[in-house]
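Here is the structure we will look at, set down as structure tokens.
The values are calculated or read from the model by the stated rules, or taken from the named source; none is laboratory data. If you're wondering where the values come from, they're calculated on a predicted model, not measured in any experiment. Virtual Cβ from ideal backbone geometry, glycine too; neighbours counted across all protein chains shown. Heavy atoms of the whole protein, side chains included, go into the accessibility calculation; ligands, DNA and RNA do not. Shrake-Rupley method; radii C 1.70, N 1.55, O 1.52, S 1.80 Å.
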Amino acid sequence: STLDAIEALFGGKRALPLEPIRRGARRMRIKGEFTKGTTVDLTVELELSANGSTTLHVIDADGKPIPKPQKFLSSLFSQISFDPLEFARADPPDQDQIIKRALRLDFSDIEAKEVTATEKRKALNAKVRDLDGQLKAAQRYPGAPKTEDSLTELLATLEARQATVDKARTLAREVEKWDQSVISFAARVVAATEKVTLLERQLQEARDALANVTKAAEDTREFAAAAKRASDEFQPDDVEEIRAKLATIEETNRQVRANAARAALEQAHQEAQDSALILTDELDALKQEKQTRIAAANFSVPGLGFDESGVTYRGFPLAQASNSDRITISAAVGVELNPKLRVLLVRDGEKIGSEDMATIRAFARERHFQVFVEKFTETGEGCTVVLDKGRVRSPEGNPSS
């Protein structure tokens, strides 16, 4: 009840239990005086009637009321300030938020960038996995050319080369024709010569005929020789190469297209991997920026930090710290959150061992804090004030009035 009353002085009606007024009474009043030495520096008085109406007065050292008293009191404390061990009992995500508030750290800009970078990396990794599947299914043809052949161009080339073959055949027929002419004229020369021998009287005509035939024979030989040279010099193009390409053009072009598609997949796969690595570096840089801000915050407990799981101590999750360390850290968080009201309330003090209690005591003396520890006891041993049925017990053991 006493600790509830101290907390209610600052938290107001919302900090009171469900039934704060003793049954049968019409109202309740809590009054606290805060002193510096022997001088009363601040007086707080809270009244609550049975009908639920609340009156709060805050008087300064000069006896003047402070306007907006609840707002003034709320600026002096936090829930963790009243019960620092609440921090040790909190879940890791809640501890993370409490520490950030204690250090006055704002990671909203970094966390927004982390969300964006994480989503981008997630999409890129999904793309990489998809491209991996496509690459496994894509076929490769090492022996295929790098570009596709044109069916139209191959047909045109075949037609042109076929024309040269036809021309070669024509020239061969021309050679054959002239060869036959040479043979024919040679026979005629023989006949004419025999006729000259046999027919002296027709010598002149025969000589004239011989001269003419001889001249024609010589011309024919020249034509035949020219035709032979043209035939020998002319080389027709290879049409079989084109025919072979035409026979395989569809398969070859399919392989070329498959290789081009795989190359595009490999490039996209590499680009996605590179982008994902860049985002990983960006996330690492954002984590480092967090640690830099934490280090600059000059927190009173060295070794306290953050990672993906929440608050850490000396690199390990806070839940794995010793009980003594967690008590010290929790008290330090309460101090950081409560620099003005130097009061800490610790519930369930009977659960705290003597060594941990000594830790809290030393910490309070070092930081000049008042610490009220609630502890159940039947003898009063180790307690400064013993409350028995709502009243302070006298040194003789009897409740005082």
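The residue among Thr252, Ser75, Thr379 whose Cα reaches farthest toward the positive pole of the charge dipole of the chain, with charges on the beta-carbon of Lys, Arg, Asp and Glu, is Thr379. Largest to smallest in accessible area, the residues Lys136, Lys113 fall in the order Lys136, Lys113 (1.4 Å probe, all protein chains included).
Selection among Gln134, Val58, Ala117 by position relative to the dipole of the chain gives Val58 as farthest towards the positive end (Cβ unit charges, Cα centre). Annotation: Ile183 carries an accessible surface of approximately 110 Å², with a 1.4 Å probe and no ligand, DNA or RNA atoms counted. The distance from the alpha carbon centre of the range 31-78 to that of the range 212-237 is 134 Å, rounded to a whole number. Our estimate of slack between Val190 and Ala123, defined as 0.36 nm per intervening residue step minus the Cα-Cα distance, is 14.2 nm.
When the chain is treated as a GNM, springs tying every alpha-carbon pair under 10 Å, which of Glu250, Glu378, Glu148 comes out with the largest mean-square fluctuation? Comparing Glu250, Glu378, Glu148 in a Gaussian network model of the chain, the most mobile one is Glu378. Summing Lys and Arg as +1 and Asp and Glu as -1 over all other residues whose Cβ lies under 14 Å from the Cβ of Thr116 gives a net charge of -1. Result for the chain in a Gaussian network model with C-alpha springs under 10 Å: among Leu135, Leu344, Leu283, the largest mean-square fluctuation is at Leu135.
Going down the list Lys177/Lys215; Lys127/Lys287; Lys31/Lys351; Lys100/Lys375, which pairs span over 27 Å between their C-alpha atoms?
As for pairs spanning more than 27 Å Cα to Cα, those are Lys31/Lys351; Lys100/Lys375.
Each listed q (0.09, 0.17, 0.18 Å⁻¹) maps to a log10 I(q)/I(0) for the range 179-332, found by the Debye formula over equal Cα scatterers with no solvent: -0.71, -1.05, -1.09.
The local environment of Lys64, defined by Cβ-Cβ distances under 15 Å, has a net charge of -3 under the rule Lys, Arg +1 and Asp, Glu -1.
Normalised by residue count, the chain yields a Cα convex hull volume of 276 Å³ per residue.
Evaluated with a Cβ-only charge set (Lys, Arg +1; Asp, Glu -1), the chain carries a dipole of roughly 1980 debye about its Cα centre, given to the nearest 20. Largest accessible area first, the listed residues Asp238, Asp4 line up as Asp238, Asp4 when surface is computed with a 1.4 Å probe on the assembled protein chains. For every other residue with a beta carbon closer than 12 angstrom to the beta carbon of Gln180, add +1 if it is Lys or Arg and -1 if Asp or Glu, then tell me the sum. So the environment of Gln180 carries a net charge of -1. Hey, in the GNM for the chain with a 10 angstrom Cα cutoff, which one of Ser75, Ser53, Ser309 fluctuates hardest? Of the options given, Ser53 has the highest mean-square fluctuation. When the residues Ile329, Ile66, Ile278 are ordered by accessible surface, computed with a 1.4 Å probe over the protein chains alone, the sequence from largest down reads Ile278, Ile66, Ile329.
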